[in-house]
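Report on one structure; see the data block that follows.
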């Protein structure tokens with residue numbers, strides 16, 4: 001085995017590539033003054049996919065290194081409680097409107113996914129896969145598996161939804177002058193789950209805290225609403 005082939009098969013190579021790529025895209029995003037089309041997550045995904053295709057590296061080989069980053073998702077999610085605690089007085093004042101926004105946003109996320117699938121004539125399995133696309137990946141995969149969808153495809157749809165929400169949500173809200181960090185953060189968390197939360201933290205710690213809250217609550221709400229809506233509609 002040549003040195004090049006050995007490097008491509010090494011988990012540490014792809015761990016280094018993942019971290020270096022994201023660091024580079026964050027720098028590029030800052031130089032672009034946070035332009036939504038220069039989102040570091042979208043650009044990093046695109047570049048890494050291109051590298052994997054160009055080198056003929058399988059996802060299994062790549063994930064052997066990237067799993068160390070993946071492992072940190074759990075602790076990072078729990079750690080979102082720290083900035084949220086700092087926002088507790090603001091959360092108490094805005095709790096009512098936030099719960100209403102959560103209920104509306106979560107319901108719209110489910111209905112829009114299933115409705116768009118029906119519009120394009122997708123079969124039932126794909127419709128069920130689309131239903132939990134607006135929540136974070138582990139929850140979406142669990143819901144999809146439970147209701148008869150395709151968990152692996154659900155994870156892809158979650159990422160695509162997050163990237164689209166990351167590009168559109170904050171710029172649209174800022175254009176409409178709804179630029180409170182509570183509004184920006186909570187909306188990003190509902191529409192874009194983890195990817196939207198990462199984008200919200202680029203605005204402020206407050207926006208990131210409310211995005212993390214929305215991401216968690218929307219996961220719980222969707223896990224309850226999806227089976228209920230499917231039972232009511234007999235889908």
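Taken together, the values in this text are just the output of simple stated rules run on the coordinates, not laboratory data. Nothing here was measured: the structure is a model prediction, and the numbers come from that model. Ideal geometry is used to build each Cβ from the backbone, glycine not excepted, and the neighbour counts take in all protein chains shown.
Some points to look at:
- Per-peptide average of other Cβ atoms within 10 Å, ordering 183-192, 65-74 highest first: 183-192, 65-74
- Modelled FRET efficiency - R0 22 Å, residue 153 with residue 4, Cβ distances, 0.05 increments: 0.10
- One quarter of the surface of the convex hull around the alpha-carbon atoms of region 1-71 equals 5.0 nm², the direction-averaged projected area.
- Ordering of 130-136, 78-84 by burial proxy (mean other Cβ atoms within 10 Å per residue, highest first): 130-136, 78-84
- Estimated FRET transfer efficiency (residue 220, residue 23; beta-carbon r; R0 30 Å; 0.05): 0.35
- Max mean-square fluctuation residue, GNM over the chain, Cα-Cα springs under 10 Å, options 88, 126, 43: 88
- Size of region 78-235: Rg and Dmax of its alpha carbons, in Å, are 15.3, 47.
- Remark: relative contact order (the chain) = 17 percent; criterion is Cα-Cα distance under 8 angstrom and separation of 6 or more residues.
- Sites residue 72 and residue 228 - FRET efficiency at Förster radius 35 Å, r taken between beta-carbons, to 0.05: 0.60
- Among 124, 175, 199, residue whose mean-square fluctuation peaks in a GNM of the chain (springs only between Cα atoms under 10 Å): 175
- Over the chain, DSSP H runs of length four or greater, each weighted -39,500 (n - 2.57), average out per residue to a 222 nm ellipticity of -27500 deg cm²/dmol.
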